[in-house]
Amino acid sequence: MSTTTAVSRRCVALIAHDSKKEALVEFARRHLAELARCEVVATQATAMLLRLRLGLDAVPMRPGPDGGDLQIAAKLAAGEISAVFFLRDVMVAQPHEADILALLRICDVCDVPYATNVATAWMLAQELFGRSESPEALRASDEAGESREPSGGPLGFQA
Ligand SMILES: O=C(CO)COP(=O)(O)O
């Protein structure tokens, strides 16, 4: 009989509206090592982009407008998700606004932390992953020309 106990990996959700997808890719790139150690779920187009651009093994749900946010909400209600990173575009009316609000509501009901902009995403990641680098520190070291890990680069987006 095996004496090893399965250790469940922390599961986080990554979601971005279209105009915020590049920002999410950049955020995920900056936290790739930590995210790779988590189970990641994402709405469909977001998951595909993270996989394509970063090789991040994000489990795709349905597209956001087709119920993907609600699938993530259901997982969260079942206690399967520990944090949500959801870069929202609040300048554009979303056809599935009700689903978005349902997801954010269930985060509050279940006391699960969520971040809806890049600044709070960094703070939440810092808390979750215990990293000390901030976007400002990274930008400063970029400007100073300091080298970091191979995936590093200026805070601006990379192709
Ligand atoms: O609309 C979204 C979240 O509300 C994002 O969905 P996609 O990742 O499928 O584009």
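Taking region 92-114, which residues are outside any helix (DSSP H, G or I) and within 14 Å of the ligand (Cβ to nearest atom)?
Across region 92-114, the qualifying residues are VAL92, ALA93, GLN94, PRO95, HIS96, TYR114.
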Among (1) within 14 Å of the ligand (Cβ to nearest atom); (2) touching a Ser or Thr at 6+ places or on another chain (Cβ under 7 Å) - the single one CYS11 does not satisfy = (1)
ask   = Which numbered condition trips up LYS20, out of (1) touching a Gly at 6+ places or on another chain (Cβ under 9 Å); (2) open to solvent by 30 Å² or more (accessible area, probe 1.4 Å)?
value = (1)
task = Any chance you could count how many residues in region 44-61 are more than 13 Å from the ligand (Cβ to nearest atom) and open to solvent by less than 20 Å² (accessible area, probe 1.4 Å)?
result = 1
query = Residues of region 31-43 being surrounded by 18 or more Cβ atoms within 10 Å (Cβ to Cβ) and more than 18 Å from GLU127 (Cβ to Cβ), which ones?
reply = VAL41, ALA42, THR43
message = I'd like to know if region 123-135 contains one or more residues that are surrounded by fewer than 17 Cβ atoms within 10 Å (Cβ to Cβ), touching a Phe, Trp or Tyr at 6+ places or on another chain (Cβ under 8 Å) and small (Gly, Ala, Ser).
response = yes
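Check whether at least one residue in region 29-36 is within 15 Å of the ligand (Cβ to nearest atom) and either among the basic types (Lys, Arg) or under 17 Å from THR116 (Cα atoms) (or both), and report yes or no.
no
Confirm whether VAL90 is open to solvent by less than 20 Å² (accessible area, probe 1.4 Å), within 20 Å of LEU124 (Cβ to Cβ) and among the aliphatic types (A, V, I, L, M).
no
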task = May I ask you to list the residues in region 62-74 that are open to solvent by less than 70 Å² (accessible area, probe 1.4 Å) and in a loop (DSSP other than H, G, I, E, B)?
result = PRO63, GLY67
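The values are calculated or read from the model by the stated rules, or taken from the named source; none is laboratory data. Keep in mind that what you see is a predicted model, and the values were worked out from it rather than measured. Don't worry about glycine lacking a Cβ; one is built from the backbone with ideal geometry, like all the others, and counts go over all protein chains shown. Heavy atoms of the whole protein, side chains included, go into the accessibility calculation; ligands, DNA and RNA do not. Shrake-Rupley method; radii C 1.70, N 1.55, O 1.52, S 1.80 Å.
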